[in-house]
1. Take the conditions farther than 24 Å from F716 by Cα, without any contact (Cβ under 8 Å) to a residue 40 or more places away in the chain and either of a type in the set (K, R) or in contact with a strand residue (DSSP E or B) (Cβ under 7 Å, 6 or more places away or on another chain) (or both) and apply them to L870. Does it pass?
2. Return a yes/no flag: does the stretch 155-164 have any residue that is at pLDDT 90 or above, within 22 Å of D95 (Cα to Cα), open to solvent by less than 20 Å² (accessible area, probe 1.4 Å) and not in a strand (DSSP E or B).
3. Has the stretch 417-436 got any residue that is of a type in the set (D, E) and touching a Lys or Arg at 6+ places or on another chain (Cβ under 9 Å)?
4. Tell me which residues, restricted to the stretch 278-318, are at pLDDT 90 or above and charged (D, E, K, R).
5. Would it be correct to say that N502 is open to solvent by 30 Å² or more (accessible area, probe 1.4 Å), within 27 Å of V120 (Cβ to Cβ) and under 42 Å from the mean Cα position of the chain (by Cα)?
6. Could you please give the count of residues in the stretch 73-105 that are assigned to a loop (DSSP other than H, G, I, E, B), surrounded by fewer than 23 Cβ atoms within 10 Å (Cβ to Cβ) and touching a Lys or Arg at 6+ places or on another chain (Cβ under 7 Å)?
7. Within the stretch 715-730, track down each residue that is under 27 Å from the mean Cα position of the chain (by Cα) and without any contact (Cβ under 8 Å) to a residue 60 or more places away in the chain.
8. Which of the residues that make up the stretch 717-729 are closer than 25 Å to M755 by Cα and touching a Ser or Thr at 6+ places or on another chain (Cβ under 7 Å)?
Amino acid sequence: MKCKILLFNVIFLMYLVNSTVSDGQSFSISVPDGAIARFPQGATVYTVIFSPDGKLLASGDDDNTVILWDVANQTEQEIFTEHTKPVYSVAFSPDGTLLASASIDRYVILRHVFPKGRRVTRLRHDRPELGRDGWVESVAFSPDGKLLASGGGDQEDFVVLWDIHQKRDIGTFSGHERLVESVSFSPNGRLLASAARDNTIKLWDVSGQRLRKILSGHSSVVHAVTFSPDGETLASSSRDNTIKLWKVSSGENLITHKIKIENSLDPYAEAITFSPDGKLLAFACVDYTVRLWNVSDRSETATLTGHHGGVTSVAFSPDGRTLASGSRDRTVLLWDLSYFRFQPQLQDIIPPEIVIHSPMKRTVQSPLREIPVEVNVTDDSRIADVRINGREPSVSERDVFGKTVPLNQGKNEIRITATDIHGNMGTHLFTIVRDDLDPIPPKIVIHSPTSRTASVTTEQFSIEGSVIGGSGIVDVWVDNVKVEVSEVGEFAATILLNFGENEFYVIATDTDGNIDRNVLNIYREDTEGPKIQIISPAHTTSRGLRRINPLPESVPVSGIVTDPSGVAEVRVNGEEVEVKEDKFERTVPLEYGNNLIRVTATDIPGNSTFEELTIFRPQPPVPLPDPPVPYPPVPIGMNYALLFAVNTYDHWDNLRFPLVDAIKVKQDLENIYGFQVELIDNPTAEEVIDGLNRYAQKEYDPEDQLLIFFAGHGYFDEGFKIGHLVARDTQRPNNSGSLLSHLSHSYLRDIIDRMSCEHVFLVMDTCYSGTFDERLAMRGEEEDVSLDFTQADVTRVSTYTTRWYLTSGAKEQVPDDSLFIRAFLKALRSEGGRDNVLTIEEILTYLEGIRDPTPCFDEFGRNDPGSDFLFIREFEKKYE
């Protein structure tokens, strides 16, 4: 695999020589001013980080790959390909032995940078059976290296806390309403900061696993958070184009720095980081630049240019002299900060010195199975931490540290790391060779279960076995837990099972260091259905009959349903209901007399349970005549709707919600108002034009109405000052021949205005849709519309020509998950209110209060004063 990637990088460099970027600028592979080197990653780089000793740089990319770079030699040292989807975050443990990576494949992977060859650990971030679902965006080690935090999510957004030694999760922090983008530990390890797409930052108490503070102030997605080296300040970056500094102790917003806008781009920062001395803050900006900000005088001191795509990640070297940046141009740049007249003001930037006292010989003979290692460590300041092969040694005398290290047959790498109080790390590597050992490993025999794959229904599972052969058994581990071994080599262990697949390792080592491994796959079946607790109606007689008084026509039935495997479906009287946080509710209509209500719940494996209750609704004592009901208005013409929705694009980023939204609009128009609806999903530009032409050539009666709806991407051409809709095959505006696939707003205005239908209403949920109106302005004075429409009003309005538009925003981008379409659907589902007629003015009342973006509406073309577009409820059909 490494050869393939190296070959790809060579091809990639040859490609870059002759390539151009999207804005027409030539892409140069030369190193820009102030840079030391450019590493060709071969795919979009999402994350970079230096090792604690500054000798290695790790990067993660869109090709599911993590690469370790040798900083001094500027070469690839190792490539990891365990992930199956893009890698968004990487982090070194404080001692530099572990490298964690986070991916949208829903896993955090822990791998040993030293010693090499150990088994990779995969931590499953999402656990649907525990209510955790979604991918991983960010990882961070605690300062002591004992904990790891991972942040991400999807519909349920959360941070998971992991115990590194036990390789298991020990806590979940929930509370963000949208995806968690970034996590960061404070320097003392007591606090964890998380930033999310719900525009907030949360500070968590790590030991107490509780929320301490919520920092609000950003008006858009918060992409990154990072603590200052002294732990007193927290920095955050947001899509609202600002950087904020917060006082950690009080949560006070100390300063808001607005990133300047150039070349009509919004240069928000996707990543930020403090320099080791806390004097600088580096921003990774989407306008292809890295910016250095002086924290003390609060000003930008330098702009680093040389990338040819948005910059996604930045990291300072431990000595503060070098900055690494990763970009969507598929390269990593190393910058010499002295070129920009910045010298780190660290009290001590020299790492501790390590001198080996013993062993003096680097080759040992049998029967030695272990060897004492003693080192002398000196530093100008105080030593904070020393590790020998990742383990804490004892101190025999001042500055002399010792640890007995086990030896395996063959080569044994010994790694000593020493860190001073300023975070400077020194490392020393050497190899000890052990010869003349028994090469035959022990053999593990599993007596129970008899097969390496088993299926059970209990939570606890027993494993029994024995170890034979080898040169004396030292240790047996079952599921990372050491177990006792009898004199004849027998062992037993009890493990706890999760529902579904459970993979366990049984590992045995002998006195010569030889290892045998067995893998067991145990599947725990879930044979019990969910537990149902009905909360309301609450009052029950001795017969189990629930009596409702007074006499409602319906009653809300609510309750709680739980299942360890996850609840797949809940139905009340056969109708499926939504379950949120284990709770459900549905309003059930009641007949006079006894009403049997049945609640059925099914879990993910397919097990079902039910609860029944009977509700008695007594007859009213004296029936009263119903008051006269005025005859509601009815449509006097045909109602048509042409809907376009694009989720999938050939040249643009795919969206999630347009087609879902359009289907909901279609159902409401048909079920409530009797529209004849045509939905064209994922159309090309030619299919959009063909659809509009068909409805332009259609024959209409004077009273007929036509609704045209478009949901998807949109963009604004600054050169011609024209907005456009984006069809499935619409090319980017800088591509040759791209105009052939563009759908300009001016074209839409012209073709819609010329349609023979007298009543047309255009609704657009796209970016820059407000530029359909060249004035980009809302209407001046509103016309008064009667609250109660009569049949005469319907007839009167039908005599005026209607040309109105309604858009989800002005000259701006709009989100994929649209508040505008939610409000529009809510208006349709009002069924026209008490007069059963929904007007444009009434729709606008549902859109009040929506900001950023703000919806726009106005008339266009040959619209007549007093016109309107009427949605009249059809009583023959029932809305569900």
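1. Values: farther than 24 Å from F716 by Cα: yes; without any contact (Cβ under 8 Å) to a residue 40 or more places away in the chain: no; either of a type in the set (K, R) or in contact with a strand residue (DSSP E or B) (Cβ under 7 Å, 6 or more places away or on another chain) (or both): yes.
Criteria not met by L870.
2. no
3. In the first step, residues of the stretch 417-436 are kept if they are of a type in the set (D, E); the result is 420, 435-436.
With the extra rule that they be touching a Lys or Arg at 6+ places or on another chain (Cβ under 9 Å), the set shrinks to 420.
The answer is yes; a qualifying residue exists.
4. Residues satisfying the conditions are K279, R291.
5. Numbers: open to solvent by 30 Å² or more (accessible area, probe 1.4 Å): no; within 27 Å of V120 (Cβ to Cβ): yes; under 42 Å from the mean Cα position of the chain (by Cα): yes.
No: the conditions fail for N502.
6. 2
7. Within the stretch 715-730, the first condition is being under 27 Å from the mean Cα position of the chain (by Cα), and the residues that meet it are 715, 726-728.
Passing the criteria: only Y715.
8. If the condition is that a residue be closer than 25 Å to M755 by Cα and touching a Ser or Thr at 6+ places or on another chain (Cβ under 7 Å), then I722, G723, H724, L725, A727, R728 are the ones that fit.
The values are calculated or read from the model by the stated rules, or taken from the named source; none is laboratory data. This one's a predicted model, so the numbers in the text were calculated from it and none came from an experiment. Cβ coordinates were reconstructed from backbone atoms using ideal geometry, including for glycine residues, and neighbour counts include every protein chain displayed. Note: areas computed on protein heavy atoms with side chains; ligands, DNA, RNA excluded. Shrake-Rupley method; radii C 1.70, N 1.55, O 1.52, S 1.80 Å.
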